[in-house]
Amino acid sequence: MTTFRYVSAKEFRQPMSQQEFIDKLRAIQQRAVLTPDMMVKTTGFWAIENLGATFVRHARPGQTFNDPHLPIEVRPIAHCGMGVGAVEVSDFEPRRMIGLIESLSNPDYKMFGYENVGAMLGVYEPDLFTTMAKGFTLVGLLPIAPLHWPEPAGYLPAFEPEVRRLISHGYGRMVYFKGHSIARAIRTAAKAPAFDFGACVQGIAFAYSMANNSDLHRVWRAGETMAGEEEGRFFNDGLIFAMEFWEWMSPGTLDTFAPQTAHAAGLIAAARQGVALGRARGALPAFAVDPEAQACRRSL
């Protein structure tokens, strides 16, 4: 619940002008760049994500994420936040939600907006966590919007295959955050056939990285342990992209990592290659580990 309480803070939920939006995102990103503290960098993601959601909730005509003054470093995570806001404004209705994402986004980053649709499906999925979250909402601890959760099997066919992959990644990310167990999250994903299982596992690994940002050696050991499992490639791809995400938002982060094993070094090298490819192309691909980056890891 710590993550949810943080991103729900009232200071990040107020309407803002276009310039205020840009200034707040830039300030958070600069704090992340100036510190080696991985927790500060990671909570920076949560703050930017929530600002993106708030911007969509209160968007006025002319406000947009497709602003050249929006720092390139924050565009992926800000667009992730867009997905939360689009789900809340549309109450999960696909046509309206897609319209919001398409109309507000930077075309190079719009696919990031769809990943959080899956996370929101995970948040609102009927279970003990959801019941607890609604209880916290009643006492004012969490501002959970009263949305109508759609059954995924009937809902996901409304989206294109790549969007479904991203939704599945977001769902996997959320099932890890809800249970904080890799094994439990993978079992949950395996019992959810409407979602892409490999993308769910990648999302689980991404969330595991974020949740354990203060002990990345533990994270990389988990990847090495998983390497021999059927899900290992997807899990390690999630670890790679988590590092790409940190490096994109806070350039120089990868230079602070000190791997202790060849496997960890390979993951870091692949992340470095993925960021370099993204910068050469002008945008980071949404939660996708480039084949060239995968080849880089295999070659070590």
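The values are calculated or read from the model by the stated rules, or taken from the named source; none is laboratory data. Keep in mind it's a predicted model, so treat the numbers as computed, not measured. Please note: Cβ atoms are built from the backbone with ideal geometry, for glycine as well, and neighbour counts cover all protein chains shown.
Here are the numbers:
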| quantity | calculated |
| --- | --- |
| Where Ile186 falls short, out of the listed (1) among the β-branched types (Val, Ile, Thr); (2) under 30 Å from Gly62 (Cα atoms); (3) at pLDDT 95 or above | (2) |
| Residue check for Ser168: assigned to a helix (DSSP H, G or I), closer than 15 Å to Met120 by Cα and polar (S, T, N, Q) | yes |
| Only one of Lys191, Lys134 that is modelled with pLDDT of 95 or more and more than 21 Å from the chain's Cα centre (by Cα) | Lys191 |
| Residues being touching a residue at least 12 places away in the same chain (Cβ under 8 Å), more than 26 Å from Ile48 (Cα to Cα) and either in contact with a helix residue (DSSP H, G or I) (Cβ under 6 Å, 6 or more places away or on another chain) or in a loop (DSSP other than H, G, I, E, B) (or both) - total across the stretch 235-263 | 4 |
| Any chance Arg96 is in a helix (DSSP H, G or I), at pLDDT 95 or above and crowded, with 23+ Cβ neighbours inside 10 Å | no |
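Residues checked against (1) surrounded by 24 or more Cβ atoms within 10 Å (Cβ to Cβ); (2) touching a helix residue (DSSP H, G or I) at 6+ places or on another chain (Cβ under 8 Å); (3) among the β-branched types (Val, Ile, Thr); (4) in contact (Cβ under 8 Å) with a residue 40 or more places away in the chain:
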position	(1), (2), (3), (4)
Asp37	no, no, no, no
Val74	yes, yes, yes, yes
Cys80	yes, yes, no, no
Ala86	yes, yes, no, no
